Amino acid sequence: MVIAALMDLIDGTIVNVALPTLQRDLHASGTQVEWTVSAYLLAFAATLITAGRLGDIVGRKRMFLAGTAAFGAASLLCAVAQTPGWLIGARTLQGVAAAIIVPQVLATFRTIFEGKERGAAFGLYGAMGGLASALGLILGGALTDADIFGWGWRTIFVVNVPVALGVLVAAAALVPESRERAAKRPDLLGAGILVGALVAIVYPLLEGRRLGWPAWGWGLLALGVLAIVVLGVVDARRRHGDVAPLLPTRLFSYPAFAAGVLVQLIFFGSMLGFVLTFTLWLQGGQGFSPMHAGLTTIAFSVGALLTAGVSIALAPRFGRYVLVAGALLMAAGTLGCDVAAHHIDGTVSSWALVPGLAVAGAGLGLLVVPLVNVVLAAVPSDEAGEASGVFSTAQQLGGALGVAIIGTLFFDRLGGHGFTAAFTHAAPFAAGGYVLCALLSLALPRTAVEEAY
């Protein structure tokens, strides 16, 4: 189950390194490049909660096997894509499949493990998440550069197919079936409305630049936000019945949970938007190969690994200020990369970027680990499953919005000014997002972080 989840986690970074190559090969526009990333994240965000509910009802093993098979098939569709639209559609299916897999993994762990074993299982899952980002960067660069059988960037998707087949065989034999006998039915109508609302929000942000920012685009965005608000109000009033609320708004009555989810949304939006533009700048503007770009970005993962363990020891003592320090370090590291790009004469050296990347990674380690504990500890244990689903949804939705907003700023400047000007224009917005995360972390209740430990 961890290996299956690892496929999803690796896909979060493996695609970024290959984006410039596949953009040239498929003759994709900047907006289509953004959709390649955002389609996956949006599909994941829109499907996650409903997929978790279905697993509780029809069986988590059954849903896990279906999701793994679908992920392998969608990866194959990505690998053979002949047009940008084809690839975007296949990436959407990949996101849906990943959203089916992940909640079954976490729910099954809660069911089959207890006490120290459960802690070890979730610890392994968390460690794999940290490893996946670095592994994705290296693997994406290595596979694209290796050009095995002349497949180039397509190999980053092909590699998922044998892994999915292996997981299917092993899971059929080893994973026990489990379900929640008292589980309520998922709100399928609400899920459909949520999908439409998320698309209505992101579509104008991604397509607005190309269409000249028409008035109807802003109206569509407002309609999407309104639909989510209405959905939340309806769910808040639903007290009885056999249909589970899609958006458990009661969770937002816990201040630490509400602030933590907002930090998660803005943080991942800033980070994924920055990573997208940074990778495009390295390869398109500086002439880095995919492997060179991937290895350069490893400094970010190294910084995160160095502070992730330390944050667990610091959080009970310094509380929310650990989160604040993490967010500010990410802002400082991002601006460090921006300054390095501003002062280059010709091609930038990887070593000029390593300090900024390492500092930003160190901030990630200080922020992410305590933040997860704060959010889940802020709600009663019997609501932890729902809280986890909302938290993961915020992560994916934030990423999609960040790619749309920061990516649009990048491509808007790219046309007349070049890659370096585009990157140095977009990076400060990511840094501003981290500063906002620091301010929101200060709004956490004084004891929220201490109580999480």
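The values are calculated or read from the model by the stated rules, or taken from the named source; none is laboratory data. As the structure is a prediction and not an experimental result, all values here were calculated from the model. Here Cβ is always computed from backbone atoms with ideal geometry, including for glycine, and neighbour counts include all displayed protein chains. Just so you know, the surface numbers come from the protein's heavy atoms only, side chains and all, with ligands and any DNA or RNA stripped out. Shrake-Rupley method; radii C 1.70, N 1.55, O 1.52, S 1.80 Å.
Could you tell me whether any residue of the stretch 170-188 is crowded, with 21+ Cβ neighbours inside 10 Å and outside any loop (DSSP other than H, G, I, E, B)? No.
Scanning the stretch 231-262 for residues that are open to solvent by 70 Å² or more (accessible area, probe 1.4 Å) and either free of Cβ contacts under 8 Å to residues at least 12 places away in the same chain or outside any helix (DSSP H, G or I) (or both) yields Arg237, Arg238, Arg239, His240, Asp242, Phe252, Ser253.
Every residue, every condition in (1) out of contact with any Pro (no Cβ under 6 Å at 6 or more places or on another chain); (2) buried (at least 21 other Cβ atoms within 10 Å of the Cβ), yes or no:
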residue	(1), (2)
Arg60	yes, yes
Gly67	yes, yes
Leu77	yes, no
Gly95	yes, yes
Pro103	yes, yes
Lys116	yes, no
Phe122	yes, no
Thr144	no, yes
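On inspection, Asp382 fails the criterion of being at pLDDT below 85, surrounded by fewer than 20 Cβ atoms within 10 Å (Cβ to Cβ), of a type in the set (Asp, Glu) and not in a helix (DSSP H, G or I).
One residue alone among Gly140, Gly136, Gly166 is at pLDDT 85 or above, in a helix (DSSP H, G or I) and on the phi < 0 side of the Ramachandran plot, and that residue is Gly166. Of all residues in the stretch 189-219, those satisfying the criterion of being outside any helix (DSSP H, G or I) and either of a type in the set (Lys, Arg) or at pLDDT below 90 (or both) are Gly212, Trp213. With respect to the conditions (1) open to solvent by 40 Å² or more (accessible area, probe 1.4 Å); (2) within 25 Å of the chain's Cα centre (by Cα); (3) over 21 Å from Gln23 (Cβ atoms), Pro204 falls short on a single one, namely (1). Considering Leu272, Leu265, Leu280, Leu276, the condition of being crowded, with 20+ Cβ neighbours inside 10 Å and more than 26 Å from Val369 (Cβ to Cβ) is satisfied by Leu280 alone.
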